[in-house]
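Visitor: Pasting a structure here, questions to come.
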Amino acid sequence: MKEELPNWRMPSAFAGMDVSLVDTPALLIDLDALEFNTHALHKQVHAHGVKVRAHAKAHKSVDIARLQIKAGAIGICCQKASEAQVFVEAGIQDVMISNEVMGLQKTDRVALLAREAKISICVDAVEQINQLAQSAKNHGAVIHVYIEIDIGHGRCGVKTPGEALALCNAIKSNSPSLVLAGIHAFRGSAQHMREPAERKAAVDFAIERLREIIKTLKTEGHSIEVVTGGGTGTYDLEASSGVYTEVQPGSYVLMDVDYAANKTTHHSFKHALFGFCTVMSICDTHAVLDGGLKTFAVDLGFPKVVAPGWSVKSMSDEHTVIVPGVEAEELKLGDKLKLIPGHCDPTVNLHDWLIATRGDKVETVWAVSARGALF
């Protein structure tokens, strides 16, 4: 009888397996660290009477989203309509698309999802509102809409109270198909400012801009019940601001080299996400691992080798070259190493599976459920 080859589309691990036997390259999740991060953040945010809306774009995993909701998150965020679809189809009932969409194909998808769950989305132009209203009416749906405010990030969002008021009026004119949900304000660049004082100054600037806009909208008769935004780098500042009612951290649950470089005035999160690679070649000057640019995203820098004394010298499609420093531990062919990704979100999006471990055993395997959901 012909022996069957392993199915390369299936995960390279199963529950109960020793981690040392996991084929590489792979992504490992340290469950103890992930659970610590989840509960630590939620406890801190809830102490301010603020809600957590976990950002699922970091992990793209239905299983992790469910754990976050079980731990107290009111729902999740994602960035694309098709990404939202993955989570709604898995039974998650409160999904925010913290982004704009353009095109009736996309707004039709949003409207159809809004028939199955509470769906909210951001806008910064009347044209977006008109398309959402048309799709909502055509499909008998109600879509919750947030006004996106540019609070210094220089990406999406309106800047002035007058612009925000025009959008509120446009949403109101399309009631009941559209509901004004509140304000979305995210200062992405502040997430990666290293010094606490620098991050605080950026958020303080944003708070003052938001207070002015909220005052104008309320004066004109618009109720602003929710102000949402923030991220892993600044969530504590938004939570304690007295303006934000919910925060949207995402990377905290996994962590990466870049976020770990932030100096913090409170507890640090633990690294829960690791690339797992095998030494495939070695000589007296360097070793080569079997995962490269198709295993790790490097937009925010190279991954960090966990093995003492070793660092990444260079990367190509399927290779990472690491070099020894002072007191580097000895490596040999076939050794398996953990590396901390430089940027967790796009690294996860390169993989189909997350291998969840506890100690030296595989506890479960999770699909990267929304991988490739780009529409």
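No value in this document is a laboratory result; all are computed from the given coordinates. As the structure is a prediction and not an experimental result, all values here were calculated from the model.
Visitor: Using square roots of five times the C-alpha gyration tensor eigenvalues, list the equivalent-ellipsoid semi-axes of the chain in whole Å, biggest first.
Guide: Working from the Cα gyration tensor, I get semi-axes of 40, 24, 17 Å.
Visitor: Within the chain, which complete DSSP H helices have Cα atoms spanning at least 24 Å along the helix axis and a mean Kyte-Doolittle hydropathy of -0.5 or higher?
Guide: 196-219
Visitor: Sort out for me the Cα centre separation of region 235-310 from region 311-351, rounded to whole Å.
Guide: When both Cα centres are located, 12 Å separates them.
Visitor: Which whole-Hz couplings ³J(HN,Hα) result when phi for each residue of region 349-365 is put into the Karplus expression 6.51 cos²θ - 1.76 cosθ + 1.60, θ = phi - 60°, listed in order with x for Gly and Pro?
Guide: Whole-Hz 3J(HN,Hα) from phi for region 349-365: 5, 8, 10, 8, 9, 10, 9, 8, 10, 9, x, 9, 10, 7, 8, 6, 10.
Visitor: Percent antiparallel among DSSP beta bridges with both residues in the chain, to the nearest 5?
Guide: 50
Visitor: Turning to a different aspect of this structure: Distance check, please: which entries in K137/K159; K80/K338; K270/K313 exceed 27 angstrom between their Cα atoms?
Guide: K137/K159; K80/K338
Visitor: Setting aside same-chain residues fewer than 8 positions from K263, which aspartates and glutamates have a Cα under 20 Å from its Cα?
Guide: E195, E198, D204, D236, E238
Visitor: In square nanometres and to one decimal, what's the mean projected area of the convex hull around the Cα atoms of region 212-368?
Guide: 12.8
Visitor: Now a separate question. Using modelled backbone amide H atoms (1.01 Å from N, in-plane), which distant-in-sequence or interchain residues come within less than 5 Å of V365's amide H?
Guide: Here the answer is A356, since their amide H atoms fall under 5 Å of that of V365.
Visitor: Further, regarding this structure: Bin width 5 Å, origin at 0, all Cα-Cα pairs of region 32-255: what percent of pairs per bin?
Guide: Using 5 Å bins, I get a P(r) of 1, 7, 16, 19, 20, 17, 12, 6, 2, 0 for region 32-255.
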